[in-house]
Amino acid sequence: NEIGFKYFEESENSLYNNLWIILDKITNKSEIEVWFDCFNKIGKEESFFDNNMVHLFSRRLLDSIVERENSWDEKIESIEFIEAKAIENNLQILGAYSVKTNLFIIAEKLDKFSEAEIYYEKFKSKYVSEEAIFLIKDELGRQQFYDGKKEEALLTLLDIEAINVFVVTKLDTYLTIAKIFGDKDKVVAHEYTKKALDFVNDNESNQSKY
């Protein structure tokens, strides 16, 4: 019957979504390759999976690589492998988190902002989904801000501010814009601080998991 079919469909989706939880346990390149093999065998597009889980476990995979006890160059290489596999499989969100993380490493950990800008230019054309564009440009904009390039940062962040995404990164977007306007227009700065607070409240009401 209809109720039974709906339950089966929801159970099937939950089973498939468990694939993303596995990313939380991955520790090496061979396991990453196995994960992508499993993804291919499922034969589903990125949009099929729960968006919250895609964001959460993509981010956690990249965070775990950053926290490993190896060199930054080794981390960058591992992340680029994931990015290449993600693009090959049309996983825009996972790929975007990979680019975002390497921008963070190059600009903030290695203190090579000019190289981070070159890195951004190298990878940006691969990404067409709004969520992916947001993740990458937000990281670029905030790194521009940290590097003292406030006007460039403002243009970058304002360009993506209207993209409708429920990731905690959006809170940082609003707050960084507010900080930049704080030096020139207190009224606008207050408006963006309010947007940040509203975003938190909206996020909680949507019971976001990330």
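The values are calculated or read from the model by the stated rules, or taken from the named source; none is laboratory data. In this text the structure is predicted, and so the values were computed from the model without any measurement. Reconstructed Cβ throughout: ideal geometry from the backbone, glycine too, with neighbour counts over all protein chains shown. Accessible surface is based on the protein model in full, side chains and every heavy atom, while ligands, DNA and RNA are left aside. Shrake-Rupley method; radii C 1.70, N 1.55, O 1.52, S 1.80 Å.
In whole percent, how big is the carbon plus sulfur part of the accessible area of region 87-177, probe 1.4 Å, protein atoms only?
It is 50 percent, rounded to a whole number.
For Val200, tell me the accessible area in Å² from a 1.4 Å probe, rounded to the nearest 10.
For Val200, the solvent-accessible surface is approximately 50 Å².
Could you work out how far the C-alpha centroid of region 59-74 sits from that of region 83-140, in angstrom?
Result: 15 Å between the Cα centres.
What is the spin-label model distance, in nm, from Asp73 to Asn164 if the labels are put 7 Å beyond Cα along the C-beta direction?
Those two pseudo-labels are separated by 4.6 nm.
Kindly flag which residue pairs out of Lys112/Lys194; Lys85/Lys149; Lys44/Lys100; Lys112/Lys186; Lys109/Lys194 have an alpha-carbon separation exceeding 26 Å in this structure.
Values: Lys112/Lys194 33 Å; Lys85/Lys149 33 Å; Lys44/Lys100 24 Å; Lys112/Lys186 32 Å; Lys109/Lys194 31 Å.
Over 26 Å Cα-Cα: Lys112/Lys194; Lys85/Lys149; Lys112/Lys186; Lys109/Lys194.
Which aspartates and glutamates, on any chain, are close to Lys25 with Cα under 15 Å apart, when same-chain ones fewer than 8 places away are left out?
Qualifying aspartates and glutamates at Cα under 15 Å: Glu33, Asp63, Glu67.
Starting from the Kirkwood Rh over alpha-carbon pairs, what translational D in µm² s⁻¹ does region 107-210 have by Stokes-Einstein at 4 °C and 1.567 mPa s? Walk me through the numbers before you get to the answer.
Working: Rh = 14.3 Å.
Answer from the Stokes-Einstein relation: 90 µm²/s.
Stretch Lys150-Asp185 to full length: gain in nm at 0.36 nm per residue minus the Cα-Cα span? Show your work: numbers first, answer last.
Numbers: separation 35, 0.36 × 35 = 12.60 nm, distance 1.38 nm.
In short, 11.2 nm is gained.
Could you order peptides 112-120, 172-180, 28-36, 67-75 by the average number of other Cβ atoms within 10 Å of their residues, highest first?
Top of the packing list down: 172-180, 112-120, 28-36, 67-75.
Per residue, what accessible area does the chain have, given a 1.4 Å probe and all protein chains present, in Å²?
Values: 11520 Å² over 210 residues.
For the chain, the per-residue accessible area is 55 Å².
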